[in-house]
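Engineer: I am attaching a structure below and will ask some questions about it afterwards.
The values are calculated or read from the model by the stated rules, or taken from the named source; none is laboratory data. All values derive from a computational prediction rather than experimental measurement. So basically every Cβ, Gly included, is an ideal-geometry build from the backbone, and we count neighbours across all protein chains shown.
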Amino acid sequence: MKVSRSLILALAIPASLAAQGGPPANPITAAFRGRITTLERNLAQAFDSIPERLFSYKPTPAQLTIGYIAQHLASDNYLFCNAFGDKKATVDAEETSTADSVKARWPREKLVTRLKASFAFCQEALAQLDDAKLAETVSLTLGGNTRQTTRAAMVLGHALDIADHYSQLANYMRLNGILPPTALPRPGRSGGASRDEPPT
């Protein structure tokens, strides 16, 4: 529910801005871009703050390790963001041919560098979009099966995916006594309010 409310709020902001002044040229795309950029920044900061010794950590045997989440996010980012426009990512053979379970044990620096590279590509891919292009049809291939979907569905899927994994990672961090980025005090705010609080 928290993810859904956040996305609804993100999409509602352009409407409130329109009442105050002129709306942006592409309000829906702008809302998604703003929310995705924030989530990507929070994830990058989270991984930067987690020491390498914890990249093999998982709360229970059935859950994913932090290292696995890092490599999985990078792969998912390319999957979603390749569908945003004509620009396609160039991913090296090592990443595409190596099993996820092996990539999960790569050194922290390698995992974080590759994750940030995937975020950078997604920003370039988002820059191609406008509201009209969201309705365009694209092909999505998963598990050898190809189906048709829309660019809007892929953008929403990307936003939900990274929001879900940020929430997952934030819980892992708290279990290890590390505050996630959104729980850190905001600079310049009296009373030490955290970024977990909704805007007023």
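Engineer: Could you look through the stretch 111-126, keep only residues that are surrounded by fewer than 18 Cβ atoms within 10 Å (Cβ to Cβ) and in contact (Cβ under 8 Å) with a residue 60 or more places away in the chain, and pick out the one that is farthest from ASN42 (Cα to Cα)? Let's see the steps before the verdict.
Structural biologist: Of the residues in the stretch 111-126, the ones surrounded by fewer than 18 Cβ atoms within 10 Å (Cβ to Cβ) are 113, 116-117, 120, 123-124.
Next, from what is left, pick out any that are in contact (Cβ under 8 Å) with a residue 60 or more places away in the chain: 116, 123.
Values: LYS116: 11, GLN123: 15 Å.
Ranking the qualifying residues of the stretch 111-126, first place goes to GLN123.
Engineer: What's the total number of residues in the stretch 48-64 that are aliphatic (A, V, I, L, M) and loosely packed, with under 13 Cβ neighbours inside 10 Å? I'd like the intermediate steps shown before the answer.
Structural biologist: Step one: list which residues in the stretch 48-64 are aliphatic (A, V, I, L, M), which gives 50, 54, 62, 64.
From the residues that got through so far, the ones that are loosely packed, with under 13 Cβ neighbours inside 10 Å too are 62.
Adding up the residues that qualify gives 1.
Engineer: Sticking with this structure for a sec: In the stretch 92-115, which residues are aliphatic (A, V, I, L, M) and either at pLDDT 95 or above or in contact with a strand residue (DSSP E or B) (Cβ under 6 Å, 6 or more places away or on another chain) (or both)?
Structural biologist: ALA99, VAL102, ALA104, LEU111, VAL112, LEU115
Engineer: Here is a further query. Of all residues in the stretch 164-190, count the ones that are in a helix (DSSP H, G or I) and either among the β-branched types (Val, Ile, Thr) or within 24 Å of ASP76 (Cα to Cα) (or both).
Structural biologist: 12
Engineer: Identify, by number, the condition in (1) in a loop (DSSP other than H, G, I, E, B); (2) surrounded by fewer than 19 Cβ atoms within 10 Å (Cβ to Cβ) that ASP161 doesn't meet.
Structural biologist: (1)
The rows are residues; the columns are (1) among the basic types (Lys, Arg); (2) within 15 Å of ARG114 (Cα to Cα); (3) in contact (Cβ under 8 Å) with a residue 12 or more places away in the chain.
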{"site": "THR65", "(1), (2), (3)": "no, no, yes"}
{"site": "ALA74", "(1), (2), (3)": "no, yes, yes"}
{"site": "ASN77", "(1), (2), (3)": "no, yes, yes"}
{"site": "PHE84", "(1), (2), (3)": "no, no, yes"}
{"site": "VAL91", "(1), (2), (3)": "no, yes, yes"}
{"site": "THR96", "(1), (2), (3)": "no, yes, no"}
{"site": "SER101", "(1), (2), (3)": "no, no, yes"}
